[in-house]
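**Q** Below you will find the structure I want to go over with you.
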Amino acid sequence: MAASRVLSNAARLGSCIGSRHRFIRNLHIRGISSCVDPSHGLTDEQKEFQKVAFDFAANEMAPHMAEWDQKEIFPVDTMRRAAQLGFGGIYVQPDVGGSGLSRLDTSVIFEALSTGCVSTTAYISIHNMCAWMIDTFGNAEQRERFCPDLCLMEKFASYCLTEPGSGSDAASLATSAVLKGDHYVLNGSKAFISGGGDTDVYVVMCRTGGKGPKGISCVVVEKGTPGLSFGKKERKMGWNSQPTRAVIFEDCAVPVANLLGLEGQGFNIAMRGLNGGRINIASCSLGAAHASVQLARDHLLVRKQFGETLSNNQFLQFKLAEMATQLVASRLLVREAAAALQDDDAAALCAMAKLFATDQCFDICNQALQMHGGYGYLKDYAVQQFVRDIRVHQILEGTNEVMRMIVSRNLLSEI
């Protein structure tokens, strides 16, 4: 039923589809090499909404990917059209406007969308994570108040955990929330917030109690709340289609009614959200790597040096084979973790998937750029943007060094 909703929405959106982007077009017109086909192992329904996402990426995102990057445009209208397909609340429950799809379904969709624009898809994935957190940990009133608009992307959400002094050590966050009457008064700041300043709903981790994770709570802060302000728009290497700013709280009074879950539950909420966020961001890396493999293959088939096409060079043949193998191995691990997360916490497996896929997929994109030679360094060629956009995936949602810590602790705790 949930998949049917996505497909029916896709049919209604069909009239919005426009021209294709020349860098991604061949991926869909010429077909996909069978050994890296991302539809392998999917059900018929999953293949259908995967196709919807691929088509949306090719027609609505890829034609504008370079412009959004260069002009730093936050493509609100495009994202709202994606929400019409059910992509604004993919794994949010249907009773509050979500699509009610599984974590595996979500991974399939984000991988496909990322072939059109990694940066925009990555923001959509963060928005989905925030909507899920409200849907999962909010009470009935909060779910009804926030989720429908978020699922339609009439309102946009940001996740606020990282601070200037607490990145990997998230449990040491210092933003305070002091209870005064029927409000929490927040003071502090958050750093590197995707969508900051342009979004409407901020899911904020703040300290209501003592030191450590048990003193952290989660509140929803709405744009326009007195005492809420934003830093300058950061200038970034990639992810330029989404703004990044500091989020600042100065005696910012937030109603107690905006507390998600219970006091002291915030760190658990944050980590539960990040388990899914790690799968989502790994899926975005898969899309970039998939597109880069296809672009590299096409380039090798047409570029001539020393009197023959590069595809006849055995070294490059082997490199392409390694890239394809890295891609498929990454995809299998990400999908295994997504399936496990559906019914379990699966924190270590999510960390493995994020670590492996983001490292491998960056290497794939970087090698694809190398295969393009000097052309790969030009902004006329999409491969350089894939490299720039996915580099940060090895840093955010928990650095890959922290992913290694999570996996090793899980292994050693079982001895």
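The values are calculated or read from the model by the stated rules, or taken from the named source; none is laboratory data. Everything numeric in this text was worked out from a predicted model, so none of it was measured. Don't worry about glycine lacking a Cβ; one is built from the backbone with ideal geometry, like all the others, and counts go over all protein chains shown. Protein only, heavy atoms only, side chains kept; ligands, DNA and RNA dropped before computing areas. Shrake-Rupley method; radii C 1.70, N 1.55, O 1.52, S 1.80 Å.
**Q** Would you check if Gly277 is open to solvent by less than 30 Å² (accessible area, probe 1.4 Å), touching a strand residue (DSSP E or B) at 6+ places or on another chain (Cβ under 8 Å) and at pLDDT 95 or above? Break it down into steps so the answer makes sense when it comes.
**A** Numbers: open to solvent by less than 30 Å² (accessible area, probe 1.4 Å): yes; touching a strand residue (DSSP E or B) at 6+ places or on another chain (Cβ under 8 Å): yes; at pLDDT 95 or above: yes.
Taking the combined requirement at face value, the residue satisfies it.
**Q** Is there a residue being in a helix (DSSP H, G or I), among the charged types (D, E, K, R) and out of contact with any strand residue (DSSP E or B) (no Cβ under 7 Å at 6 or more places or on another chain) anywhere in the range 311-320? Give the derivation first.
**A** Start the filter on the range 311-320 by keeping residues that are in a helix (DSSP H, G or I), which leaves 311-312, 314-320.
Within this subset, residues satisfying the condition of being among the charged types (D, E, K, R) are 319.
Subset that is out of contact with any strand residue (DSSP E or B) (no Cβ under 7 Å at 6 or more places or on another chain): 319.
Yes: the range 311-320 contains one or more residues that are in a helix (DSSP H, G or I), among the charged types (D, E, K, R) and out of contact with any strand residue (DSSP E or B) (no Cβ under 7 Å at 6 or more places or on another chain).
**Q** Let me ask another. Being open to solvent by less than 40 Å² (accessible area, probe 1.4 Å) and polar (S, T, N, Q) is the filter here, so list the residues in the range 230-267 that pass it.
**A** Asn240, Ser241, Gln242, Thr244, Asn258
**Q** Let me ask another. Being part of a loop (DSSP other than H, G, I, E, B), over 18 Å from the mean Cα position of the chain (by Cα) and over 25 Å from Cys130 (Cβ atoms) narrows it down to one residue among Asp363, Asp380, Asp345; which is it?
**A** Values: Asp363 fails: part of a loop (DSSP other than H, G, I, E, B); Asp345 fails: over 25 Å from Cys130 (Cβ atoms).
Exactly one of Asp363, Asp380, Asp345 is part of a loop (DSSP other than H, G, I, E, B), over 18 Å from the mean Cα position of the chain (by Cα) and over 25 Å from Cys130 (Cβ atoms), namely Asp380.
**Q** Then there's this: Would the range 293-302 turn up any residue that is open to solvent by less than 50 Å² (accessible area, probe 1.4 Å), closer than 26 Å to Ile390 by Cα and polar (S, T, N, Q)? First the steps, then the outcome.
**A** Step one: list which residues in the range 293-302 are open to solvent by less than 50 Å² (accessible area, probe 1.4 Å), which gives 293-300.
Pick out the ones that are also closer than 26 Å to Ile390 by Cα and you get 293-300.
Narrowing the set further to residues that are polar (S, T, N, Q) leaves 294.
The answer is yes; a qualifying residue exists.
**Q** Right, here's the next one. Could you run through the range 142-180 and say how many residues are open to solvent by 70 Å² or more (accessible area, probe 1.4 Å) and under 18 Å from Thr225 (Cβ atoms)?
**A** Adding up the residues that qualify gives 5.
**Q** Same structure again: Would you mind finding the one in Gly210, Gly196 that is open to solvent by less than 10 Å² (accessible area, probe 1.4 Å) and either in a loop (DSSP other than H, G, I, E, B) or among the acidic types (Asp, Glu) (or both)?
**A** Working: Gly210 fails: open to solvent by less than 10 Å² (accessible area, probe 1.4 Å).
Result of the check over Gly210, Gly196: Gly196.
**Q** Taking the range 130-188, which residues are without any contact (Cβ under 8 Å) to a residue 40 or more places away in the chain, under 24 Å from Asn280 (Cβ atoms) and in a strand (DSSP E or B)?
**A** Scanning the range 130-188 gives Glu163, Ser166.
**Q** Still on this structure, please answer the following. So, of the residues in the range 336-360 that are modelled with pLDDT of 95 or more and of a type in the set (Asp, Glu), which turns out to be farthest from Cys284 (Cα to Cα)?
**A** Here the residue is Glu336.
**Q** Pull out all pairs, ordered by first then second residue, where Cβ-Cβ is under 9 Å, the residues are six or more apart or on different chains, the first lies in the range 292-308 and is more than 15 Å from Ser33 (Cα to Cα) and free of Cβ contacts under 8 Å to residues at least 12 places away in the same chain, and the second is open to solvent by 20 Å² or more (accessible area, probe 1.4 Å) and part of a loop (DSSP other than H, G, I, E, B).
**A** Qualifying pairs under 9 Å: Gln305/Asn313; Phe306/Asn313.
**Q** Test each condition in (1) open to solvent by less than 10 Å² (accessible area, probe 1.4 Å); (2) touching a Leu at 6+ places or on another chain (Cβ under 8 Å); (3) under 26 Å from Arg235 (Cα atoms) for Cys350 and report the one that comes out false.
**A** Every condition holds for Cys350 apart from (3).
**Q** Give the residue, chosen from Asp389, Asp363, that is within 30 Å of Ser166 (Cβ to Cβ) and surrounded by fewer than 23 Cβ atoms within 10 Å (Cβ to Cβ).
**A** On the way: Asp389 fails: surrounded by fewer than 23 Cβ atoms within 10 Å (Cβ to Cβ).
On inspection, the qualifying residue turns out to be Asp363.
**Q** Taking the stated definitions as given, is Glu111 surrounded by 24 or more Cβ atoms within 10 Å (Cβ to Cβ), in contact with a Gly (Cβ under 6 Å, 6 or more places away or on another chain), at pLDDT 95 or above and among the acidic types (Asp, Glu)? Before you say what the answer is, go through the steps one by one.
**A** On the way: surrounded by 24 or more Cβ atoms within 10 Å (Cβ to Cβ): yes; in contact with a Gly (Cβ under 6 Å, 6 or more places away or on another chain): yes; at pLDDT 95 or above: yes; among the acidic types (Asp, Glu): yes.
Spelling it out, Glu111 is indeed surrounded by 24 or more Cβ atoms within 10 Å (Cβ to Cβ), in contact with a Gly (Cβ under 6 Å, 6 or more places away or on another chain), at pLDDT 95 or above and among the acidic types (Asp, Glu).
**Q** Just give me the residues in the range 61-105 being open to solvent by 10 Å² or more (accessible area, probe 1.4 Å) and over 21 Å from Ala157 (Cα atoms), in sequence order.
**A** Once the filter is applied, which keeps residues that are open to solvent by 10 Å² or more (accessible area, probe 1.4 Å) and over 21 Å from Ala157 (Cα atoms), the range 61-105 yields Pro63, His64, Ala66, Glu67, Gln70, Lys71, Leu104, Asp105.
**Q** Checking the conditions here, which among Ala191, Ala170 is at pLDDT below 95 and of a type in the set (A, V, I, L, M)? Let's see the steps before the verdict.
**A** Values: Ala191 fails: at pLDDT below 95.
That would be Ala170, the only listed residue that is at pLDDT below 95 and of a type in the set (A, V, I, L, M).
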